[in-house]
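Here's the structure, in structure tokens; my notes come after.
The values are calculated or read from the model by the stated rules, or taken from the named source; none is laboratory data. A quick note: this is a predicted structure, and the numbers were derived from the prediction, not measured. When we count neighbours, we look across all protein chains shown, and the Cβ atoms used for this are built from the backbone with ideal geometry, even at glycine. The protein model used for the area step is the full one, side chains on, heavy atoms only, and it has no ligands, DNA or RNA in it. Shrake-Rupley method; radii C 1.70, N 1.55, O 1.52, S 1.80 Å.
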Amino acid sequence: MSALLRVSELVKTFGQGEAATRVLRGLSLTLAAGEMAALLGPSGSGKSTLLTILGTLMKPTSGSHVMLGVDLVAADDAALTEFRNRHIGFVFQFHNLLPDFTALENVVFPTAVREGRETAAARARGRDLLTRMGLGDRIDFPSSSLSGGQKQRVAVARALMNRPELVLADEPTGNLDRASAMQVMALIAEITRDEGTTFLISTHDEKIASLCRRQIVVGDGLVTG
Amino acid sequence: MFYALKIAMRYLTASKAQTALLVSGVAVGVFIFIFMSALIGGLAEFILSRTVGDISHVTIKAEDRDPAILIVPEGHILAVTERGRLRTATLTEAPTWVPLIESVPGVIAVSPQITGAGFLTRGAQVAQVSVTGLEPGRESAILNLDGYMVEGSARLGSGSVVLGRRLAGDLSLSLGQTLRLQSAGGVSTVLTLSGIFETGNGMIDGSSVFVALPTARTLFALPQGVTRIEIKLADLNAADATALRIRALTGLDAVPWTDGAGQLMEALNAQAQTGYFLKSFALITIVIGVASALLLSTYRRRPEIGIMRAMGAGRGFVVFVFVAQGALIGLMGGLTGAALGYLALLPFPARGDFRPGTLPMDITQGSYGLAITLTVIGAILASILPARAAARVDPVTAIGQ
């Protein structure tokens with residue numbers, strides 16, 4: 001499998017002077033296309049910071065970050081925003097849907113914001129994704145009326161809307177019961193297989209991690225295993 | 001940006017009560033703006049109609065001729081004829097100019113007149129008066145004599161005179177009585193009182209008498225021409241421009257009413273300035289209201305803004321969402337306020353029917369379009385600060401909230 005992204009010697013420091021905290025200490029990592037990997041490590045190990053940098057929501061203090069051949073450390077905010085929209089999807093622990101929008105409107109958001117309107121094609125893909133997520137009967141429901149598991153499946157559908165090469169999931173099952181968690185993980189595994197999307201899933205749950213083909217362990221700001 | 005507009009509308013409809021309250025606040029501001037515009041405009045209209053409505057808007061007076069210089073051929077004696085008080089300057093070509101002036105756009109009436117001083121005598125009583133000779137048929141061209149008549153008729157004929165109620169009272173005159181009018185030059189004539197008017201202006205009611213133009217010719221010994229031409233305009237604010245036009249057309253010294261009305265103009269300007277201040281305060285209230293409401297909304301929606309940014313929404317998109325909300329609030333508030341303002345002004349009498357004791361509200365001077373435009377612009381400006389704050393939201397921090 002070819003490399004989708006490569007980070008090397010990644011350093012991230014928060015604060016300055018004596019209050020400075022170095023969260024990442026020269027971390028290097030390569031992710032292959034179509035890979036489903038779990039990111040493990042104790043709290044404070046730097047997992048969330050790494051995901052945030054990989055998601056182009058934050059820049060490292062030093063080091064390199066290249067994805068799809070693009071140097072993302074050198075890119076400006078506008079370029080990163082467009083890159084993120086086209087190539088990266090997010091699934092957050094608390095789903096983070098837009099509460100005043102329906103399930104379908106939440107899913108098509110990444111495409112609509114890029115094209116300036118909700119096209120018929122985008123809506124068709126959004127419906128298809130929600131149906132695959134088992135939410136065919138909840139398409140036009142306000143997101144606020146869905147259960148926790150349903151919201152998380154909507155969030156997964158939204159992350160996949162623009163057919164991104166990489167989906168970053170930060171504790172996607174952390175807020176769900178076991179059955180819902182397994183349902184979401186099964187969907188992720190299916191999509192990885194069908195669409196060749198790379199998933200990097202941050203989790204504390206060994207059982208969830210065991211469902212992934214690769215486990216990356218982070219400790220003290222470095223990849224330790 | 002169509003999609004950003006959809007999101008802006010969704011945000012507004014999601015918090016219906018808050019939006020309704022905000023739109024109501026803006027509408028009240030616009031209502032005050034329109035009410036003030038109608039009141040200030042109506043008041044100016046009322047004051048002008050009461051002070052200037054019955055006077056000439058543009059006046060052409062005969063210019064005094066330079067005194068003749070008599071140079072004695074021998075010696076150094078230079079003699080001039082002194083300007084006589086009784087010798088009146090005349091506009092001899094008036095019959096030619098009147099049709100010309102009448103053709104000038106905006107001119108609604110032209111009144112050639114002969115004016116002068118005189119004495120009105122009845123028995124042993126004598127009053128000094130100002131005599132105006134009017135062309136029969138044009139009695140009400142400038143001063144609306146017909147409208148002010150309390151007894152008799154304004155129609156002037158040979159041997160008839162019309163005067164004010166105060167003067168009639170001073171001399172104990174009643175309709176049909178005869179009286180003697182003598183010009184300052186000593187020519188006198190006997191006239192019959194055919195009408196009594198009351199304008200409410202003490203000067204006019206107490207010392208003005210109106211006679212037919214031929215009578216005035218006799219009194220002031222002017223076989224031809226007139227001493228002044230008074231012109232009334234449809235729009236008295238156009239007096240300066242029309243006077244210039246008449247001057248260019250005839251070569252006569254046409255003087256607009258504004259030339260001798262500095263104090264009135266100052267008072268009207270001061271009144272207009274007060275109106276601007278009040279309207280500015282109304283707009284400032286709108287801007288502050290919209291800005292504070294949108295700032296609160298920005299704070300409340302920080303996590304959502306963070307999600308949008310994470311999903312690939314640029315800063316410009318976020319700015320547009322909040323600016324569009326401001327514009328929509330301004331537009332809805334502006335239209336509502338304008339409609340309410342119009343409805344509130346409907347019961348007031350039209351500008352031509354203003355009466356003392358009532359508010360002279362001019363519904364046509366509500367500045368509805370201006371109020372809506374300024375409100376939308378103000379609301380857009382008010383939303384820029386919250387929009388910029390929203391665009392600066394750090395998605396990482398906001399999503400973590």
Given the rule -39500 (n - 2.57) for each run of at least 4 DSSP H residues, summed and divided by the residues of chain B, what is its mean residue ellipticity at 222 nm, to the nearest 500 deg cm²/dmol? -16500 deg cm²/dmol
Highest-MSF residue in chain A out of A:Gly26, A:Gly17, A:Gly136 [GNM, Cα springs under 10 Å]: A:Gly17
Need one number: nm distance between label points at A:Glu9 and B:Ala124, each 7 Å from Cα along Cα→Cβ, rounded to one decimal. 12.6 nm
Between A:Thr102 and residues 5 or more places away or on another chain, the pairs with built amide H atoms under 5 Å apart involve A:Ser143
Go through the range A:178-225 and name the trypsin sites (Lys or Arg not before Pro) that are in a DSSP coil and have 14 or fewer other Cβ atoms within 10 Å of their Cβ. A:Arg213
Mind ranking B:20-32, A:140-152 by how tightly packed they are, going by the mean number of other C-beta atoms within 10 angstrom, highest first? B:20-32, A:140-152
In whole angstrom, and with the biggest value first, how far do the Cα coordinates of the range B:197-331 range along each principal axis? 97, 36, 22
In Å, descending, principal axis extents of the Cα set of chain B: 108, 60, 32
Selection from A:Pro60, A:Gly26, A:Gly225 lying farthest towards where the dipole of chain A points positive, charges on Cβ: A:Gly225
Per residue, the convex hull enclosing the Cα atoms of the range B:230-284 spans a volume in Å³ of 95 Å³
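Kirkwood Rh, the protein assembly as shown, all Cα pairs: how many Å?
That comes to 32.1 Å for the protein assembly as shown.
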Charges at C-beta only: +1 for Lys and Arg, -1 for Asp and Glu. How large is the resulting dipole of the range A:27-88 about its Cα centre, in Debye rounded to 20? 180 debye
Can you pull the Kirkwood radius for the range B:341-401, inverse mean 1/r over Cα pairs, to one decimal in Å? 15.5 Å
Counting other Cβ atoms within 10 Å of each Cβ, which chymotrypsin sites (Phe, Trp or Tyr not before Pro) in the range B:90-193 have at most 15 and sit in a DSSP loop? none
At 1.4 Å probe radius, can you tell me the per residue accessible area of the protein assembly as shown in Å²? 46 Å²
Positive end of the charge dipole of chain B (Lys, Arg +1 and Asp, Glu -1 on Cβ, about the Cα centre): tell me which of B:Thr19, B:Leu381, B:Thr227 has its Cα farthest that way. B:Thr19
So the pair-distance distribution of the range A:32-122, from every Cα-Cα distance in 5 Å bins, comes to percents of 2, 10, 18, 20, 19, 17, 10, 3, 1
Can you find, among B:Trp257, B:Leu236, B:Ile286, the residue farthest towards the positive end of the dipole of the range B:227-335? Put +1 on the C-beta of Lys and Arg, -1 on that of Asp and Glu. B:Ile286
Could you check the spin-label model distance between B:Asp394 and B:Asp259? Points 7 Å from the Cα along Cα→Cβ, value in nm. 7.3 nm
Would you work out the charge dipole size for the range B:249-401 about its Cα centre, treating the Cβ of every Lys and Arg as +1 and the Cβ of every Asp and Glu as -1, and quote it to the nearest 20 debye? 960 debye
Mind checking A:45-55 for the average number of partner chain beta-carbons within 10 Å of each residue's beta-carbon? 1
Between the alpha carbon centres of the range B:95-134 and the range B:188-239 the gap in Å comes to 3 Å
Taking R0 as 51 Å and r as the Cβ-Cβ distance between A:Arg22 and B:Thr274, the FRET efficiency 1/(1 + (r/R0)^6), rounded to the nearest 0.05, comes to 0.20
Which one, B:Phe320, B:Phe220, B:Phe210, has the greatest fluctuation when you compute a Gaussian network model over chain B with C-alpha springs under 10 angstrom? B:Phe320
For the protein assembly as shown, the percent of accessible surface on carbon and sulfur atoms (probe 1.4 angstrom, ligands and nucleic acids excluded) is 57 percent
Pick from B:Glu151, B:Glu135, B:Glu230: which residue has the top mean-square fluctuation in a GNM of chain B where Cα pairs under 10 Å get a spring? B:Glu151
Take every residue in peptide A:103-116, count the Cβ atoms of other chains within 10 Å of its Cβ, and give the average of those counts. 4
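So what is Rg over Rh here for chain A, counting just Cα atoms and using Kirkwood for Rh?
0.97
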So if a site counts as exposed when it's one of the trypsin sites (Lys or Arg not before Pro), its DSSP state isn't H, G, I, E or B, and it has at most 16 other Cβ atoms within 10 Å, what's the longest stretch of chain B without one? B:88-391
Quick one, could you list the DSSP H helices from chain B stretching 27 Å or more along their long axis (Cα atoms) with average Kyte-Doolittle hydropathy of 0.0 or above? B:16-51, B:262-300, B:315-345, B:368-391
Partner chain coverage, peptide B:298-311 - average Cβ within 10 angstrom: 5
